[in-house]
Amino acid sequence: MHRKFVLIITIILSLTIILAGCGNSSAPAQTSPGSSGMAAAPEFTWKFQVVHGPEQLDYKAFEVVCDDIYKATNGRMKIELYPSGSFASSMEAFQACGEGVFEMHSSWPSYVKGIEYAFIPIADGNMSMGPLDRMIFLEQGGGKELMQEAFDKLNLEFISYRIWPPDTLASRYDFKSIAEMKGKKFRTSAPDIAVAMGISAITLPIEEIYTAMAQGAVDMLENCYLSYNNDLGITDIAPYGIYPDFWNCSFVETVVVNKDAWNKLPEDLKIIIKSVLDAKMMNVFAQAELTSAEDLKELSESGKVAFRRLAPEQFADMRKKMVEIEAAEREKQGQDSLTAKAYDTIYEFYKKYYPYKELTSHWSTGLTASEAAGFEIPKYHKDADE
């Protein structure tokens, strides 16, 4: 009995020592899901050229995006941000990204309409949709699928987008109608309706617009929303701001990735990148709108820029003219082209959504700002008849 007791005690002691040894093992602990431990080095490092400069809030928003992606992936994905022109000009950057010069790019796809004209109806276009309409079209009207089909021709994966606020027409003259613009030189990336109205429209890359305006090479230019132009110094050389945006309505800024680089990513990193970018979309739009509202007040009260809104009556006829232009472009591109498919999809979207849009338009439609607010507030622009 004594020997059995000693044997049992010996076994217990041995197991205790073994288990104690396991507990003090120097083997690395497994990282649990959700651990905040950062990777020793990124698994993937990408170069990301955007169309903006470091002084603009749009560039700063992408800085936040890159930082958030790095943190959300625990350091596995590092995206290095570069301003416009770092590796390729704004007019050539989509092609350069597709060729692998850098992995990621953000810009306006109208710059590559020479490769695929369908980018114009999908992403901007004259006399086209407003921002909410454009978002609904992209999300539910077939726009995203058309966009990817177009980017396939450039070896690019379409991963996110942003709708821009209305453009400002920065001008040397205080135009009261479209007719007064006839014969004037107009920098625009979408010249069709301007040419049809007798305006001398030219296309210049974003890097050249300030110099062109300052030297008098153009009389007016469209280039993004008000605070964007203010940051670029355009409001220093253009004493008038004309609305509404009829030339390049609420255009889409796309974020794309070289397909070869995208296909190398594991699925979880793809989801994180897309989610972070999509999450910022509405915030940047709202920020751009509010900073533009603040700049409107400051520029108007200081007398630096005078603002005017053109009468709406002329735009119905211009839209009819635009339908003729779209039909001609459809014929030019071919009935089996992506352009034809895009216009068919957009027109079906109009038929489906616009009756509801008209019925449910906000109760303040047609009222002045003071009438909509219910109390007197300042007005910082003149109407066409003032």
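The values are calculated or read from the model by the stated rules, or taken from the named source; none is laboratory data. Computed from a prediction, not measured in an experiment: that's the story for all the values here. Note: ideal-geometry Cβ built from the backbone for every residue, glycine included; neighbour counts use all protein chains shown. We work out accessible area using only protein heavy atoms, side chains counted, and drop any ligands, DNA or RNA first. Shrake-Rupley method; radii C 1.70, N 1.55, O 1.52, S 1.80 Å.
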Glu207: passes all of (1) at pLDDT below 95; (2) part of a helix (DSSP H, G or I); (3) surrounded by 19 or more Cβ atoms within 10 Å (Cβ to Cβ) but (3)
What is the one condition in (1) touching a residue at least 24 places away in the same chain (Cβ under 8 Å); (2) closer than 21 Å to Gln49 by Cα; (3) surrounded by fewer than 19 Cβ atoms within 10 Å (Cβ to Cβ) that Ala279 does not satisfy?
(1)
Six or more apart or on different chains, Cβ under 8 Å: which pairs go from a residue in the stretch 75-103 that's on the phi < 0 side of the Ramachandran plot to one that's at pLDDT below 95 and open to solvent by 60 Å² or more (accessible area, probe 1.4 Å)? Could you list them?
Pro83/Pro54; Ser84/Glu207; Ser89/Glu207; Ser90/Glu207
From Asp124, Asp133, Asp58, residue being in contact with a His (Cβ under 8 Å, 6 or more places away or on another chain) and either over 21 Å from Glu157 (Cα atoms) or crowded, with 21+ Cβ neighbours inside 10 Å (or both):
Asp58
Across the stretch 139-152, what is the total count of residues that are surrounded by fewer than 21 Cβ atoms within 10 Å (Cβ to Cβ) and not acidic (Asp, Glu)?
4
For the stretch 282-300, name all the residues that are more than 15 Å from Ile242 (Cβ to Cβ), buried (at least 18 other Cβ atoms within 10 Å of the Cβ) and not acidic (Asp, Glu).
Val284, Phe285, Ala288, Thr291
Take the residues in the stretch 243-268 that are among the β-branched types (Val, Ile, Thr) and closer than 20 Å to Leu81 by Cβ; name whichever of them is farthest from the chain's Cα centre (by Cα).
Val257
If you go through the stretch 98-115, how many residues are assigned to a loop (DSSP other than H, G, I, E, B) and open to solvent by 10 Å² or more (accessible area, probe 1.4 Å)?
8
Those residues of the stretch 309-367 which are without any contact (Cβ under 8 Å) to a residue 24 or more places away in the chain and of a type in the set (S, T, N, Q) amount to Gln335, Thr360, Ser361, Ser364, Thr365
Given (1) aromatic (Phe, Trp, Tyr); (2) closer than 23 Å to Asp67 by Cα; (3) over 20 Å from the mean Cα position of the chain (by Cα), number of the condition Tyr228 does not satisfy
(3)
Spans of helices (runs of 4 or more DSSP H) in the stretch 301-386 with at least 3 residues open to solvent by 60 Å² or more (accessible area, probe 1.4 Å)
313-333, 338-359
